[in-house]
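Chemist: My questions all concern the structure below.
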Amino acid sequence: MLEADYVISIPKLKRHAAAAVTISLKNMMEAILDEEGAFHVKGLHGFIADLNAVLRPDLAVVDATEVMTVTGPRHGKVVPGNAIIAGTDPVAIDLVAAKYLFQLEEADDPGKR
């Protein structure tokens with residue numbers, strides 16, 4: 001990937017128990033083999049930031065057509081999102097996508113209205 005002309009991150013929008021959300025920046029972890037899950041145990045947030053300083057996607061395309069809310073990545077609640085969020089600044093894209101996810105969660109929870 002370091003020799004690629006163009007890197008595209010294409011995550012599904014979802015909650016994550018350790019990182020709060022999984023969007024384009026966390027999706028870049030798939031570029032690094034971590035069979036034992038060490039990144040999740042040894043400072044996940046710092047690892048994500050460091051990785052994206054070296055291997056930042058040129059384009060982020062977030063699939064928010066169906067969104068996993070509440071928790072994740074395995075036991076969340078899937079709700080319709082009906083959106084695709086894309087751009088060239090993965091930090092800005094992740095901010096917009098996270099805000100969208102939180103709005104979907106609030107709309108899906110009658111107690112939060």
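Chemist: If I ask for residues that are open to solvent by 40 Å² or more (accessible area, probe 1.4 Å) and at pLDDT 95 or above, which ones from region 67-88 would you list?
Modeler: Those that are open to solvent by 40 Å² or more (accessible area, probe 1.4 Å) and at pLDDT 95 or above: Ile84, Ala86, Thr88.
Chemist: Quick check, is Ile10 at pLDDT 80 or above, under 13 Å from the mean Cα position of the chain (by Cα) and surrounded by fewer than 16 Cβ atoms within 10 Å (Cβ to Cβ)?
Modeler: yes
Chemist: Tell me, yes or no, whether region 28-47 has at least one residue that is within 13 Å of the chain's Cα centre (by Cα), among the charged types (D, E, K, R) and either at pLDDT 85 or above or open to solvent by 20 Å² or more (accessible area, probe 1.4 Å) (or both).
Modeler: Yes, there is a match, as at least one residue in region 28-47 is within 13 Å of the chain's Cα centre (by Cα), among the charged types (D, E, K, R) and either at pLDDT 85 or above or open to solvent by 20 Å² or more (accessible area, probe 1.4 Å) (or both).
Chemist: Is it the case that Ala97 is within 11 Å of the chain's Cα centre (by Cα), outside any helix (DSSP H, G or I) and either modelled with pLDDT of 90 or more or surrounded by 17 or more Cβ atoms within 10 Å (Cβ to Cβ) (or both)?
Modeler: No: the conditions fail for Ala97.
The values are calculated or read from the model by the stated rules, or taken from the named source; none is laboratory data. Note that the structure is a prediction, hence the values are computed from the model and not measured. Counting neighbours? That spans all protein chains shown, and the Cβs are built from the backbone with ideal geometry, glycine included. Only protein heavy atoms, including side chains, enter the accessible area calculation; ligands, DNA and RNA are left aside. Shrake-Rupley method; radii C 1.70, N 1.55, O 1.52, S 1.80 Å.
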